[in-house]
Every structure is written in C-alpha cells, then in structure tokens.
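Visitor: One structure follows; several queries about it will come next.
Derivation of every value follows stated rules applied to the coordinates shown; laboratory data play no part. The model shown is predicted, which means the values in this text are computed figures rather than measured ones. Methodologically, a virtual Cβ is constructed for each residue, glycine included, from the backbone with ideal geometry; neighbour enumeration extends over all protein chains shown.
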Amino acid sequence: ALQVCLPLNALGFVYREARDAWVNAERLFALLRERPDIPETPGLPRLRAGPGEVVFEHIDFQYEPGRPVLSDVSFHIPHGTTLAVVGRSGSGKSTLARLLLRIYDPDRGRILIDGQDTRQLSPDSVRRAIGVVPQDAALFNDTISNNIAYGRIGATTQEIIAASKSAHLHDLIELLPEQYDTAVGERGVKISGGEKQRIAIARAILKNPPILIFDEATSALDLDSEHAIAQELDRLSRNRTTLIIAHRLSTIVNAHAIIVMERGRIVERGTHAELLRRKGLYARLWLLQQRQDQDLARHGASSS
Ligand code: ATP
C-alpha cells in the first residue's frame, strides 16, 4: 500500500500552520502519507508537459543494501492507456508508484515521462503531472468541501460540486447534516473506506493530471461499492496514462496491459485473455478470486 511515515496528527498541524505555503508536491505526500526522499533541488529543469507517456527501463531498486526490491523491471505505458500491476503482497507494486513519483530514484535504469528522464527533472514538476488515488486517502479535520479541494487549492464551489458528482459523492454529501460544510476527519462524521476513495477520486478529477496512479483498496468493499469505484476508475482513466496497483482482478479485465510481479521481477505480462491462456500465476490468482467471489455470493444468498 502507498502509505508510510508521518503521523496524521502532525500532518494536520503542519497543514493548518502553513496551508497556503504548501506546494503541490507536499500536499500530495500528505494525502499519500508518504515522505519524499528526493529533495527539491533548485535549478532542475521542469517536466515539459506532454501527453503523459511513461517508460520504465531496466529498473533496479532497493530500500536497504543487499535487499533488492525491484530487479530489471521494464515496461511502457503508451499515452492514454492503462497498465495494471498485480502480484502478491510485498512483490514491489507500490514501489513502482513511488519511483514514478520520484519519492525515490532507481539504483539502475531510467524512468521517462514523455521522453524525459525523471532523475534530471524537478520532482515537483513530475508530481504535478501525476494524480494519485491512494487506497486510504488521508482526510483532514475540515469540511468535506475543503477536503475535496485539496486536489487543487483555489477550485471554485462549482468545480468541487462537479468533481464530487463525477466521483458519485454528491448524492451522499447531500444527505450529510451540513452537506458540503459537514466536518469530516477525526473530529467529523465517519467516512467509510469506499467513500474515502471517492474523495480521492474527486481530488484527482479536480487536479486533472495527464498521468494517474490508482492504488486499489485491499480491504474488501461490498460488491456494489466495488462496482461503482471500478466504473469511476474507468471514467477517470479514460484518456489518461494510468498505472493501477490492482488487488481485485475483476477491475482490470479491460486494462490495456497487465504485468504480474513476483519478488520484484515481472514474471508475466499480457492482456487478461492472454494471461488466462498462459495458465500461469495470473490464471491461478484469477481462479482463486473467482472461487472466493462465488463463496461470498453463496454466503450472501444463504444469509438473506
Ligand atoms: P502490498 O500489496 O502489500 O502493498 P507491494 O507489492 O506494493 O505490497 P511494496 O510496498 O512495493 O510491495 O514493497 C516491496 C518490498 O519492499 C517489501 O518487501 C517491503 O517490505 C519492502 N519495503 C517497502 N517499503 C519499504 C521501506 N520504506 N523501507 C524498507 N523496505 C521497504
């Protein structure tokens, strides 16, 4: 999962203290609960905006010496297409996202966005091009409207409402005691995991980036929410270069390409249909999930 470090209380404090001074990148890390490892170095050129093509070339990476986490990982996400990454917990999926965001730099290999090596670019400019929907977005102790607006400080009320409509949040917000002015976060109304992910989707809609990272929730949502979020993701990722860290294989059946990670290496790649025909790890994971879903359906039916 794309989250580590920073206790939330401290973040809330920092946020309130310096709301307007915060640059985009730091806000992003707060939302991700990540701490950037690569500092902003003055004078680095900025990413030249393009269609958002992403290339990983022979990437090796380790957090600690002697414990390789990624080995010789290469892939290409053409403009506007979706690449899904699957694999067991710890196989290195989230690390790919962290490298793309320049939270860390690779030990070997290059990461290119629109042909530009990210290592030679200002990290802030890279992060501005990327929207992230983490599985467990941080909420600040503020109104739901302001929480959505963190996607883009300065968004108008109309833009916030439009984004929450697209993220299927609007009807829900209308039911809250003070609608868009309702307080959420630790001291506000309770927000479910699925709703949090929708808030993150609304933030991403406001940001409107060419590249999107979607970290699918691991915690089981009910099938209706899961379906709704899959649909929203589908719309959000249309015409954007998208990297999905997938846990539910049903969400990625239509991905343009899928890579299967094991111990930091890509062990299989192809479309859903190609990978099923291969009868390898992906096909096994797929069968396993099908069986779990059937059990769930049967269980659901017997309890009603
Ligand atoms: P999950 O599905 O559980 O989120 P993942 O496939 O995304 O797992 P990563 O988070 O990329 O896996 O982690 C890959 C490996 O790197 C794991 O062995 C993990 O323990 C290790 N790791 C992750 N973050 C750090 C860190 N900050 N410092 C040291 N090791 C780390």
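Visitor: Quick one: Karplus J couplings for segment 187-197, per residue in order, coefficients 6.51, -1.76, 1.60, θ = phi - 60°, nearest Hz, x for Gly and Pro?
Guide: Each residue of segment 187-197 in turn: 9, x, 5, 6, 10, 6, x, x, 5, 4, 5 Hz.
Visitor: Continuing with the same structure: Along the charge dipole of segment 122-206, Cβ charges K/R +1 and D/E -1, which of P177, G154, N141 sits furthest on the positive end?
Guide: Result: G154, furthest along the dipole toward the positive end.
Visitor: For Q231 and Y104, compute 0.36 nm times the residue count separating them, minus their Cα-Cα distance, and round to one decimal in nm. Don't skip to the answer; put the middle values down first.
Guide: Details: separation 127, 0.36 × 127 = 45.72 nm, distance 3.12 nm.
This chain segment gains 42.6 nm when fully extended.
Visitor: Taking other Cβ within 10 Å of each residue's Cβ, how do T118, T81, T156 sort, fewest first?
Guide: Values: T118 23, T81 18, T156 9.
The order, fewest Cβ neighbours first, is T156, T81, T118.
Visitor: Moving on to the next point. Which far-off residues, 5 or more places away or on another chain, put their amide H under 5 Å from the one on I245, with H placed in the peptide plane?
Guide: V85, F214, D215, E216
Visitor: For segment 117-261, just say rounded, prolate or oblate: build the C-alpha gyration tensor, square-root its eigenvalues into a ≥ b ≥ c, call rounded for a/c under 1.5, and beyond that prolate if a/b exceeds b/c, oblate if not. Please report the intermediate quantities before stating the final value.
Guide: Values: a/c = 1.88, a/b = 1.27, b/c = 1.48.
Judged from the Cα gyration tensor, segment 117-261 comes out oblate (a/c at least 1.5, b/c at or above a/b).
Visitor: Stretch E174-A283 to full length: gain in nm at 0.36 nm per residue minus the Cα-Cα span?
Guide: Details: separation 109, 0.36 × 109 = 39.24 nm, distance 4.25 nm.
Separation in residues times 0.36 nm, less the Cα-Cα distance, equals 35.0 nm.
Visitor: Also, quick follow-up: Starting at the first residue of segment 131-137, write each ³J(HN,Hα) from the Karplus equation 6.51 cos²θ - 1.76 cosθ + 1.60 with θ = phi - 60°, in whole Hz, x for Gly and Pro.
Guide: Once rounded to whole Hz, the list reads x, 10, 10, x, 6, 9, 5.
Visitor: Name the trypsin sites (Lys or Arg not before Pro) in segment 48-151 that are in a loop by DSSP and that have at most 16 other C-beta atoms within 10 Å, would you?
Guide: R48, R88
Visitor: Name the shape class, rounded, prolate or oblate, that the alpha-carbon gyration tensor gives for segment 41-142, where a ≥ b ≥ c are the square roots of its eigenvalues, rounded holds for a/c under 1.5, and otherwise prolate holds if a/b is larger than b/c and oblate otherwise. Mind dumping the intermediate values first?
Guide: Numbers: a/c = 1.31, a/b = 1.08, b/c = 1.22.
Rounded is the answer for segment 41-142, as its axis ratio a/c remains below 1.5.
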